[in-house]
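Everything on this sheet refers to the single structure shown next.
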């Protein structure tokens with residue numbers, strides 16, 4: 001893990017200094033995605049401020065994150081179920097095989 005460093009990003013014309021141990025280009029890429037989301041939200045309503053658009057973007061991102069975590073849990077459960085089925089098949093095969 002790298003030592004923390006400060007990465008300057010610009011979102012909607014505002015500068016933010018992000019202290020992180022991630023690759024600076026990765027952090028800047030995240031900032032570009034956030035900026036794109038904020039711009040899409042603001043373009044839907046000219047009265048939406050940057051702050052409100054940023055909060056809405058956070059909700060969208062958290063919702064997506066929670067959905068993905070749920071899918072990962074469900075896939076993990078499915079893998080366990082399939083592994084158990086495979087073990088049963090192997091055990092049954094051993095009983096049948098001479």
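A short reminder: the numbers here are calculations on the coordinates, not readings from a lab. The model shown is predicted, which means the values in this text are computed figures rather than measured ones. As a convention, Cβ positions derive from the backbone with ideal geometry for all residues, glycine included, and neighbour counts pool all protein chains shown.
Here are the numbers for this structure:
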read-out	value
Residue 61 vs. criteria surrounded by 10 or more Cβ atoms within 10 Å (Cβ to Cβ) and in contact (Cβ under 8 Å) with a residue 12 or more places away in the chain	yes
Of residues in the range 23-32 being under 17 Å from the mean Cα position of the chain (by Cα) and under 8 Å from residue 7 (Cβ atoms), the one surrounded by the most Cβ atoms within 10 Å (Cβ to Cβ)	27
Matching option when the condition is surrounded by fewer than 10 Cβ atoms within 10 Å (Cβ to Cβ), more than 21 Å from the chain's Cα centre (by Cα) and assigned to a helix (DSSP H, G or I), among 87, 42, 94	94
Which numbered condition residue 74 fails, given (1) surrounded by fewer than 12 Cβ atoms within 10 Å (Cβ to Cβ); (2) assigned to a strand (DSSP E or B)	(2)
All positions within the range 1-13 that are touching a residue at least 12 places away in the same chain (Cβ under 8 Å), surrounded by 12 or more Cβ atoms within 10 Å (Cβ to Cβ) and closer than 28 Å to residue 49 by Cβ	7, 9, 10, 11, 12
